[in-house]
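Here's the structure, in structure tokens; my notes come after.
The values are calculated or read from the model by the stated rules, or taken from the named source; none is laboratory data. Just so we're clear, the structure is a prediction, and the values are computed from it rather than from any experiment. We place every Cβ from the backbone using ideal geometry, glycine too, and count neighbours over all the protein chains shown.
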């Protein structure tokens, strides 16, 4: 498990900056007067900060970092000059913190932030970007100093403001760890065990095994795992943070720990990436951890369907008909369209048991959403404008790209089956939308619902502002903010 940086918040004492070891980061506006910390470093280095600022004045952008290695007059190995004025956005402040994290490497850091009004957001960015998944590497690595000293004018105030942000960062890291794990490690059983461990944070956790799922009639979900030796499971996580027994928000995640495509086998090239096909369940898990750590005053239930989609003599075949928990029969045209079979049963169970005030499902559901939106935005579908707009606002505030796409009867008609109530694919046109319409069939008419297709954003091939390549943890921050904005009392 990758740990979030430990932050120590101390009051600004200029005399200690020169004796700091490791790296020292200071904030410098592209124009205007230097703050007292930057002035102190400028004096110690005999004007090096001002000279560097003048040299970069025409090309520097907000959040850029320029390092002064082994600065004269100081014991630090480097000074990181971060171009950030006092007046900046949350995104700019977090990007500045992320830039500090990338420069930090394995060294300790003194972040001299003074009285910057968005110091807590800088800390959040620093925490989110300081991540690396190397649990399965055997080569000796340099010792990583996991502590950062934050020097500010009001340390208690900044520490209080940063605490919920760091709680969410821990949830993001939990998601990234899960999504990055190989499938021979993160089996359905191991995944469930890691979720059971959330009990230590006050989350109530239940694991429903295959016999219970069969009793409930979850034929869609169980059909996906028929070909695997790993048992299919549903894990239910309860966070009861509200003072009353108000209806919870339900978060539902697709947890296909590995997806070969089943009998409709995927091409070999790139199949190794299908370790991330449990990304929706990973986000639900991370969000539940974040809510528990920040003691959210809301009732939220997280449900994840954990399966493995493998080809074998017992695997579901194209052309088979399975019966969902709702009772609808489903013609399986393509066994590689398996996530919706998992979700339809878990969504129905969530509504039957918990009567939620709203429901959000997340899934790495379709390659089509990547064709449409690339890796910049998740696809958003909803039956409720107010609920959807609340999520879009939360995602925008957290810098997590999301774009709403339509639903409609014409798309649903593509799913008509000759021999069953519905088929599980509607052809190539509008593949992400027809997948959402399949799920829409299993949503009660009075339940506000959002479907998030995160296939393009859950794991990426290059660095993002807040994460190295690989799992991003997309969605944990947006869901936490949605809960804070709409469901906390």
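Here is how the numbers come out for the structure above:
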quantity	calculated
Output for region 19-46, where each listed residue is in a strand (DSSP E or B) and modelled with pLDDT under 95	none
Some residue of region 239-251 being more than 26 Å from residue 447 (Cβ to Cβ) and crowded, with 23+ Cβ neighbours inside 10 Å	no
Scan of region 392-413 for residues that are out of contact with any helix residue (DSSP H, G or I) (no Cβ under 7 Å at 6 or more places or on another chain) and within 10 Å of residue 437 (Cβ to Cβ), ordered by number	408, 409, 410, 413
Residues that are in contact with a strand residue (DSSP E or B) (Cβ under 8 Å, 6 or more places away or on another chain), surrounded by fewer than 24 Cβ atoms within 10 Å (Cβ to Cβ) and in a loop (DSSP other than H, G, I, E, B), drawn from region 457-471	469
Which listed residue is touching a residue at least 24 places away in the same chain (Cβ under 8 Å), over 22 Å from residue 242 (Cβ atoms) and touching a helix residue (DSSP H, G or I) at 6+ places or on another chain (Cβ under 7 Å), from 302, 286, 282	282
Selection count, region 368-412, where residues are without any contact (Cβ under 8 Å) to a residue 60 or more places away in the chain, under 22 Å from residue 486 (Cα atoms) and assigned to a helix (DSSP H, G or I)	4
Single residue of region 431-445 satisfying the filter (touching a strand residue (DSSP E or B) at 6+ places or on another chain (Cβ under 8 Å) and part of a helix (DSSP H, G or I)) that is surrounded by the most Cβ atoms within 10 Å (Cβ to Cβ)	436
Filter pass, residue 139 being in a loop (DSSP other than H, G, I, E, B), more than 24 Å from the chain's Cα centre (by Cα), in the same structural domain as residue 105 (by TED's automatic domain parsing) and surrounded by 15 or more Cβ atoms within 10 Å (Cβ to Cβ)	no
Any chance residue 324 is at pLDDT 95 or above, assigned by TED's automatic domain parsing to the domain that holds residue 480 and touching a strand residue (DSSP E or B) at 6+ places or on another chain (Cβ under 7 Å)	yes
Residue tally, condition more than 22 Å from the chain's Cα centre (by Cα) and either assigned to a helix (DSSP H, G or I) or free of Cβ contacts under 8 Å to residues at least 24 places away in the same chain (or both), over region 142-166	6
Region 173-191: number of residues that are touching a residue at least 60 places away in the same chain (Cβ under 8 Å), in a helix (DSSP H, G or I) and either farther than 23 Å from residue 466 by Cβ or assigned by TED's automatic domain parsing to the domain that holds residue 111 (or both)	2
Any hit, region 378-392, residues being crowded, with 23+ Cβ neighbours inside 10 Å, assigned by TED's automatic domain parsing to the domain that holds residue 221 and farther than 26 Å from residue 247 by Cβ	yes
